[in-house]
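Shown next, in structure tokens, is the structure this report addresses.
Readers should treat all values here as calculations from the given coordinates under stated rules, not as data from a laboratory. Remember, predicted model here, so these are calculated numbers, not experimental data. Here the Cβ is made from the backbone with ideal geometry for all residues, glycine too, and neighbour counts use every protein chain on show.
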Amino acid sequence: MCSILSNILQRYEKPEAVKIKNPERVEELIKNMAADGPGALQMITDFDMTLTRFHQDGEKCDTCHGILHSSSLMSEEFKKRSQDLFNKYYPIEIDHTMTVEEKIPYMLKWYEESHETLTTFPFEKKHLTEMVKTSRILFRDGAVEMLEALNEKQVPVMVFSAGVGDILEEVLRKFNSYHSNTKVVSNSMEFNDEGRLIGFKGPLIHMFNKNEKAIRQSQPKYFENLSHRGNVLLLGDSLGDVDMVEGVMEPGAVIKIGFLNTKIEERLESFMNSFDIVLIDDQSMDFINLILTHVL
Ligand code: TMP
Ligand code: MG
């Protein structure tokens with residue numbers, strides 16, 4: 001009997017959009033997470049298309065990189081070059097017929113060419129706030145409330161992103177969601193004394209190396225300090241996101257939730273094999289907030 005899960009599904013608007021390979025296991029995980037309470041919990045979440053919406057009424061929303069690609073502060077030539085790169089490499093990122101190992105060389109090439117393009121054109125730090133303000137980046141419905149509730153109970157949140165840290169931090173600020181419980185692990189822009197972008201600093205985080213090693217380089221001791229929090233809610237929208245949980249010490253109830261935003265039929269099986277819960281084209285955090293009503 002999956003009583004907690006049934007209760008959540010009854011209160012959830014689109015139960016047909018929830019796919020769970022092993023409901024009994026998920027019931028057990030939620031039960032354990034609820035019994036242990038907020039003191040044993042941490043959240044690890046991807047940013048682009050996980051905290052943020054994939055679309056609004058069918059119109060695509062921005063990502064960290066997308067903000068740069070579409071901003072009126074950037075030249076048309078820059079936009080065209082970035083869009084060409086996206087059109088070339090994004091289909092490879094989500095291709096269900098290729099293995100991660102096969103994809104990685106292409107993804108490295110994408111970052112290399114993307115960063116090179118970005119530093120070829122004038123980009124100034126002072127433009128960041130304006131770009132984010134005028135962008136079409138939107139949090140999923142209920143994301144602000146979710147982050148607020150987690151902060152209230154001092155549940156640590158790691159936002160782990162292969163996007164651009166400077167931009168995502170600005171987005172968190174825009175939505176008043178950059179709380180004291182939040183740590184960001186991402187790629188950092190490097191500016192010269194005049195505030196012009198000259199490159200990126202630190203090791204590159206791409207969509208398929210979001211793992212313990214990358215966290216250690218950015219936030220040494222993060223997981224050691226949270227060793228009493230073995231229960232994890234992991235949120236992602238890419239198969240590479242499941243590795244974000246690798247460094248957690250003494251893992252307990254770990255629930256991996258995947259947002260399947262696009263190429264749904266082709267990718268459903270692989271998502272169901274990797275994530276405990278798959279949410280199909282759900283642009284909200286409702287399901288996660290329902291789980292949290294049992295845990296916080
Ligand atoms: P993440 O959501 O797993 O953190 O991955 C970041 C996303 O950013 C990934 O889907 C690829 C995308 N991206 C762009 O849209 N433009 C770019 O120039 C690069 C390098 C990545
Ligand atoms: Mg993502």
- [ ] Restrict the search to segment 1-93; then list the GluC sites (Glu not before Pro) that DSSP places in a loop and that have at most 16 other Cβ atoms within 10 Å of their Cβ.
- [x] Glu13
- [ ] Round to the nearest 0.05 the FRET efficiency obtained for Ala35 and Lys88 when R0 = 51 Å and r is the Cβ-Cβ distance.
- [x] 0.60
Open item on the list: I need the shape label for segment 173-216. Rule: rounded when a/c is under 1.5, else prolate if a/b > b/c, else oblate, with a, b, c from the alpha carbon gyration tensor.
Closed with: oblate
- [ ] Please report, in cubic angstrom per residue, the volume enclosed by the convex hull of the alpha-carbon atoms of segment 37-192.
- [x] 142
Open item on the list: Filter Lys14/Lys109; Lys21/Lys153; Lys14/Lys210; Lys88/Lys263; Lys14/Lys256 down to the pairs with a C-alpha to C-alpha distance above 27 Å, please.
Closed with: Lys14/Lys109; Lys21/Lys153; Lys14/Lys210
Open item on the list: Apply the a/c threshold of 1.5 to the C-alpha gyration tensor of segment 253-296 and tell me whether it is rounded, prolate or oblate.
Closed with: oblate
Open item on the list: As a test of understanding, state the convex hull volume per residue of segment 138-284 from its alpha carbons, in Å³.
Closed with: 130
Open item on the list: Using the Cα centre of segment 80-190 as origin and beta-carbon charges of +1 (Lys, Arg) and -1 (Asp, Glu), tell me which of Asn181, Thr99, Ser161 is placed farthest towards the positive end of the dipole.
Closed with: Asn181
Open item on the list: Suppose R0 equals 25 Å. What FRET efficiency, 1/(1 + (r/R0)^6) with r the Cβ-Cβ distance, do Ile104 and Gln219 give to the nearest 0.05?
Closed with: 0.60
- [ ] Taking the dipole about the Cα centre of the chain, with the C-beta of Lys and Arg at +1 and of Asp and Glu at -1, give me whichever of Asn289, Leu226, Ser135 is farthest to the positive side.
- [x] Leu226
Open item on the list: Connecting C-alpha atoms closer than 10 Å in a GNM of the chain, tell me which of Pro91, Pro23, Pro15 has the biggest fluctuation.
Closed with: Pro91
Task: Loop trypsin sites (Lys or Arg not before Pro), segment 175-233, which have at most 14 other Cβ atoms in a 10 Å radius of their Cβ (DSSP) - done: Lys221
- [ ] For the chain, give the magnitude of the charge dipole about the Cα centre (Cβ charges: +1 Lys/Arg, -1 Asp/Glu; no others), in debye to the nearest 20.
- [x] 400
- [ ] If a/c stays under 1.5 just call it rounded; otherwise compare a/b with b/c (prolate if a/b is bigger, oblate if not). Do that for segment 214-293, with a ≥ b ≥ c from the square roots of the Cα gyration tensor eigenvalues.
- [x] prolate
TODO: Give a quick list of trypsin sites (Lys or Arg not before Pro) in segment 23-58 that DSSP marks as loop, anything other than H, G, I, E or B, with at most 16 other Cβ atoms within 10 Å.
DONE: none
Open item on the list: Give the separation of the Cα centroids, segment 244-272 to segment 160-202, in Å.
Closed with: 25
Open item on the list: Considering just Cα atoms, how many Å³ per residue does the convex hull of the chain enclose?
Closed with: 126
Open item on the list: Net charge around Arg196, counting only other residues with Cβ within less than 14 Å of its Cβ (Lys, Arg = +1; Asp, Glu = -1)?
Closed with: -3
